[in-house]
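The values are calculated or read from the model by the stated rules, or taken from the named source; none is laboratory data. Quick caveat, the model's predicted, so the values are computed rather than measured. Methodologically, a virtual Cβ is constructed for each residue, glycine included, from the backbone with ideal geometry; neighbour enumeration extends over all protein chains shown. Just so you know, the surface numbers come from the protein's heavy atoms only, side chains and all, with ligands and any DNA or RNA stripped out. Shrake-Rupley method; radii C 1.70, N 1.55, O 1.52, S 1.80 Å.
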Amino acid sequence: MSPKQISRLRCVICGKGYSADEVSYICPDHGNEGILDVEYDYDYIRSTVSRDSLLNNAEMTIWRYKPLLPVDPDSETPPLAVGWTPLYSAARLASKHGITKLWIKDDSRQPTASFKDRASAIAIVKAREQKAEIITTASTGNAAAALSGLCASIDQPNVIFVPESAPQAKIAQLLVFGSRVVLVKGTYDQAFELCSLAANKFGWYNRNTGFNPYMTEGKKTVAFEICEQLAWRVPDVILVSVGDGCIIGGVHKGLKDLFNLGWIDRIPRLIGVQASGSSYLYQAWKNGEDVLTKPAVEANTIADSISAGLPRDRIKALAAANETEGAFVSVSDEEILAAVTDLARGSGVFAEPAGAAAYAGLEKARAEGLVGAKDKVVVINTGSGLKDIPSALKATELSGSEPIIITPEAEALDKIF
Ligand SMILES: *Cc1c(COP(=O)(O)O)cnc(C)c1O
Ligand SMILES: [Zn+2]
């Protein structure tokens, strides 16, 4: 039996609705593009939870929003504390960009140090509900690490497919957590196909982004937190980096949920930030292209977590920008690396390139007039800088920072200071 709060799963292409017991992943009529949107019974949800009841809820994880999530109320949840990450006010950076207010939502503070924990937490609960023996995912690295860590927390066997080129720290996480790790000599897109094939063939639970409809539902919790942390006074703009487009679609979904519940009175503009070397959605948005026919682009960027030639969740991602009067911007690898040090020095938040890209996007959006002086802005940092040390060192090199190397003598100090 599917949970009572879910009403339908609706295909984003044909609009056909299914009950949650009827299909597991995608619309049978539309294959991999037929991603399903989870629809809720908001009247029912309103009868079980309110903004006031949340005030007395001591559960400071994504599970404080359990009645708004696609899981059975009685399902056990994993012990790792996913969610409720800090929302920092960044006054110095706000004045640098000439805007009223800027907050950094810091998802580097998740258990496995990226935003992906939000989705993987849902995946393992759904897999357990379906009594799956093995969970699998393909990933550029962070979704894999997230699934791997969460599986370790509940002793859940899992198989992970990542490109061989994934940053070392992310591969180390997988091995440390004890996953079966498959390094694919190819791109993320190829790893994705191989993983899907294996899931089908062996009957594994498939967590893949832009395929499993429940991943958006985990990712939407960031929007719940931002709004609750701001006492339900919504910002004007939220910026987030975009690879497959699942996060921005999730942010949009979370905001729509809150709006439909009557907990917020408007929906902020969503700005998706892509790397110029992997800018499928930026191009599609700018040129009004049809993402059902637009072919994959060659993806090549230092921001590995947003390197995606054919964004899997492109339909929801495009809708997130279009339906909120938002936008897409694109930033170069140089701008991303500069953002790593600028964000760190201006706020104390150390982001991996894909996380810093969202901050680089603020500068771009400001320059393009997409963010105005009066706007209150949230930038989401999606991953920790410790995930990719070589890129961090490249960023510091570009910023002109060099360590001082000295012999351990007092005279050496005098020569320098
Ligand atoms: C996955 C990821 C993104 C992008 O999320 P999508 O859903 O693929 O758009 C951005 N930043 C980091 C650090 C990520 O791991
Ligand atoms: Zn369909």
Filter the stretch 306-323 for residues that are modelled with pLDDT of 95 or more and among the hydroxyl-bearing types (Ser, Thr, Tyr) and give the result.
none
Residue in the stretch 362-379 that is in a helix (DSSP H, G or I), away from ligand 2 (no atom under 16 Å from the Cβ), farther than 13 Å from residue 96 by Cα and touching an Asp or Glu at 6+ places or on another chain (Cβ under 9 Å) present
yes
Is it the case that some residue within the stretch 218-231 is over 25 Å from residue 123 (Cα atoms), without any contact (Cβ under 8 Å) to a residue 60 or more places away in the chain, open to solvent by 10 Å² or more (accessible area, probe 1.4 Å) and under 20 Å from the mean Cα position of the chain (by Cα)?
no
Scanning the stretch 134-155 residue by residue, those open to solvent by 10 Å² or more (accessible area, probe 1.4 Å) and free of Cβ contacts under 8 Å to residues at least 60 places away in the same chain turn out to be 152, 155
In the stretch 13-25, what count of residues is obtained for those that are within 8 Å of ligand 2 (Cβ to nearest atom) and among the β-branched types (Val, Ile, Thr)?
1
If you take the residues of the stretch 44-87 that are among the charged types (D, E, K, R) and assigned to a loop (DSSP other than H, G, I, E, B), which of them is least open to solvent (accessible area, probe 1.4 Å)?
72
Give me the residue from the stretch 284-314 that is open to solvent by 40 Å² or more (accessible area, probe 1.4 Å) and not in a loop (DSSP other than H, G, I, E, B) and, out of that set, nearest to ligand 2 (Cβ to nearest atom).
285
Quick check: anything in the stretch 138-161 out of contact with any helix residue (DSSP H, G or I) (no Cβ under 8 Å at 6 or more places or on another chain) and hydrophobic (A, V, I, L, M, F, W, C)?
no
Does the stretch 40-49 include one or more residues that are touching a Phe, Trp or Tyr at 6+ places or on another chain (Cβ under 6 Å) and touching a residue at least 40 places away in the same chain (Cβ under 8 Å)?
no
